[in-house]
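Any read-out appearing in this document is the output of simple, stated calculations on the displayed coordinates, not a laboratory observation. This one's a predicted model, so the numbers in the text were calculated from it and none came from an experiment. As a convention, Cβ positions derive from the backbone with ideal geometry for all residues, glycine included, and neighbour counts pool all protein chains shown.
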């Protein structure tokens, strides 16, 4: 393969990759979507036709080069085509989180000055219509699903299929223009603009060029030898960089097939039916799946349960070694084979992992037990570390060097350095161009030599060269006695318990640490059912004394484990409370990618934080909540605050002095 | 009053057609108990018509009269202007009337898909033998029916429970499955008996949206009984109010809101 700085074989844009795929993989499946209970299939050449029709249709609507086009909806082939069609006409696709509220959308639409919006259905159309008054540059909307929209004013509203029809009708007239625009695309033209979820402050528009996306896709595909034969399930938000790389970048680079679920709720069934060979999920998905398996095993017959426990214990012992190709004695190997036949195989099939060759998890730390569980089953689950600004990949774990506590070695083409304060910096061809209309932030994040600050503190492990992430650099602080405070470290330990969904630890500048805990309704609810504990609401269950007791045990166990680390022993949780509501992105407490917004939570629940420190045994609080339809309401509760046992840490303090 | 055959356009731009069904001086007795006393009202094509009233007002009895399950002792039901003879349930279905029940009447042991497919039974004409060997017409019919069923499943967003036995579903979803089964027979009139009873706010909102969408997408005429005044006022074009078997109000939601008899029936009156 000839390789130049200007792309491989002149493939310098996603539309160019599409045209290559349409000839090279013409009859191979490019997209599948389950509809009316049947998997519908589109080959690469059909895909190219659909995208051409839409591109021409966009030209008939008067789209200009450089326009921004927002794309809102769940993962559907049509919306992926929309992204490439927008690129083909020289415009820039901006995928948005489909669960964002109208106001959140208004900010992004206004910031990028989107002239066109391509929306999936009535729900999304309504949101944009609610805010369109304030959007000076917004002109036209295209919708996919006509349901409920028939009677809307169609002056600026166009149905997706009709736009394609118009495009097909204008084929001979507009094809030269489409070709001209496609050929004008080069390695430096903008491929996509993705808004960061914004753990702090307003979202920022990350501009990624064709070079960023294609080089990253090429490197990462080669790293894991991805081929055109892979199948992936596209179910993560289209606005998230990971989905863009996996379902678009790598898919177009290698020509593999992207499968879209029938609906959000059918994802697990569709996963099983498709049996992807390459799979990505944030830790939370793996946790949920494991919780479901464990709950179901609790309900299984004693015989099945014994068999499951027996073989899972064996898998834990030898599974990871067998996966990594380390020597394992013959008897154990045989027993593992038997286990595979009786337990692991059927279990993997149920989970939809029968064919997974490479699985990745990222975004958050994954619990070692959870990670080992999947690996012991023979699923090649690995970790990667990345961010939007890097077009995902910064580090990833090569086959055979997989551990739960590192995030791997630098990805091909990525340079890494650790600053004096421990912050991780990287530089690669995937490094973003700029933050749109925000030169100041761009300069803060990316230095003139191209090094980008990740905002995470970490170190490179000696000997293996693997990167270990400690925490968000800005979250790492000192406590009032100068001891190191790394909230994430403690939170992750807490979250590894199935009963705990989310934890927020406070302690910066204070004399001791305290925590908010969110229970996991599935796990705790199941436990309650088993123990005949009646509850009417999340709030009631969260406040149940026996639930608090269980959580207290977890907190105390975590304290013991935290105390073992001389650097972080000060981070033991002295007092905690179980929150009366689940932290939610709709209330601004989490980002759309489900990351905790520490500062906002601290401000919003200031009364609770104060109560944690002033020694009061309980606190009455009222909290505003946002319902899914955007309306607001108040919930009130009296929360019990509990003290947790801590391990004395005098010895380490002396050592620190 | 409008002329029976005249159509009009509602505020939200929907066209409501002429009268499809007319109840004329209906009286229904069970032994000595008078459930419905001399009630008349009509249902127009394409409208959402609600029947409301306090407990025991005779709403469900009224719906059973409309569906032809009960035959009133006095009065008559005109369907498309003609008096309707006494019908067997399947004949009612053949006339394009479908219903759901207050106390959910699904086949609990069957999957959602199978339950929905039963709604297509009266559209099948292939014989028992043909269906047993699944050849020719039977196969074609089944494919056609499955497609219709899948469209409704998609419409009501119950794809994720397609293969789940109904007995394992929560109440709100069962209600939706029942609506799916009624819809799949492509009715021209849909009767809903307390479609939102026992639901939480979110489920009620979902159901309201589905009812509006059904009316909008398929042009189905809908007659529904409901307790929740808020829901009724938001959904329906016209409302009949019953109390102790009598009609005490009939009109648009805003008429009903200002009707003194209705207010008294709901809030009670001081007896002094």
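One table, with the values for the structure above:
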read-out	value
Rounded to 5, percent antiparallel among DSSP beta bridges of the range A:150-293	60
Cα gyration tensor category, rounded, prolate or oblate, for the range A:375-522 with a/c compared to 1.5	oblate
Helix-only mean residue ellipticity at 222 nm for the protein assembly as shown, each DSSP H run of n ≥ 4 adding -39500 (n - 2.57), per residue, nearest 500	-11000 deg cm²/dmol
Förster-model FRET efficiency, 56 Å R0, residue A:36 and residue A:481, C-beta, rounded to 0.05	0.30
The range A:233-279 and the range B:159-182: distance between their alpha carbon centers, rounded to Å	27
Inter-site label distance for residue A:107 and residue A:326 at 7 Å from Cα along Cβ, in nm	4.6
Residues residue A:162 and residue B:227, FRET efficiency given R0 of 56 Å [Cβ-Cβ distance, rounded to 0.05]	0.85
Segment residue A:636-residue A:338, extension gain: residue separation times 0.36 nm, minus the distance between their alpha carbons	101.9 nm
With Cα atoms, 0 to 90° folded angle of helix B:137-155 axis to chain B main axis	50
Relative contact order %, chain A, counting alpha carbon pairs below 8 Å whose residues are six or more apart	10
DSSP beta bridge pairing in chain B, given as percent antiparallel to the nearest 5	60
Chain B - percent relative contact order, Cα under 8 Å, separation 6 or more	25
The range A:445-484 residues near the modelled residue A:647 label - backbone nitrogen below 17 Å, point 7 Å along Cα→Cβ	A:484
Neighbour-count order for B:207, A:479, fewest beta carbons within 10 angstrom listed first	A:479, B:207
Order by protection proxy (mean Cβ within 10 Å, highest first), peptides B:48-56, A:487-495, A:508-516	A:487-495, B:48-56, A:508-516
Hypothetical label at residue B:80: residues of the range B:109-142 whose amide nitrogen lies under 20 Å (7 Å Cα-Cβ projection)	B:122-124
Label-point separation, residue B:254 to residue A:202 (7 Å along Cα→Cβ), nm	4.1
Label point distance in nm, residue A:296-residue A:628, each placed 7 Å from Cα along Cα→Cβ	2.4
Three-way shape call for chain B based on the alpha-carbon gyration tensor, with the a/c threshold at 1.5	prolate
Alpha-carbon centroids, the range A:396-475 and the range A:36-65: separation in whole Å	37
Sites residue A:522 and residue A:64 - FRET efficiency at Förster radius 35 Å, r taken between beta-carbons, to 0.05	0.10
Number of partner chain Cβ atoms within 10 Å, mean per residue of A:37-47	1
DSSP beta bridges in the range A:499-592 [antiparallel fraction, %, rounded to 5]	55
In degrees, nearest ten, helix A:160-169 long axis to first principal axis of chain A (Cα)	30
Relative contact order computed over the range A:283-472 (Cα-Cα under 8 Å; 6+ residues apart), in percent	15
Acute angle (nearest 10 degrees) that the helix A:521-530 long axis makes with the longest principal axis of chain A, alpha-carbon atoms	50
Rounded if a/c under 1.5, otherwise prolate or oblate - chain A, Cα gyration tensor axes	prolate
Contour minus Cα-Cα distance for residue A:556 and residue A:169 (0.36 nm per residue)	132.4 nm
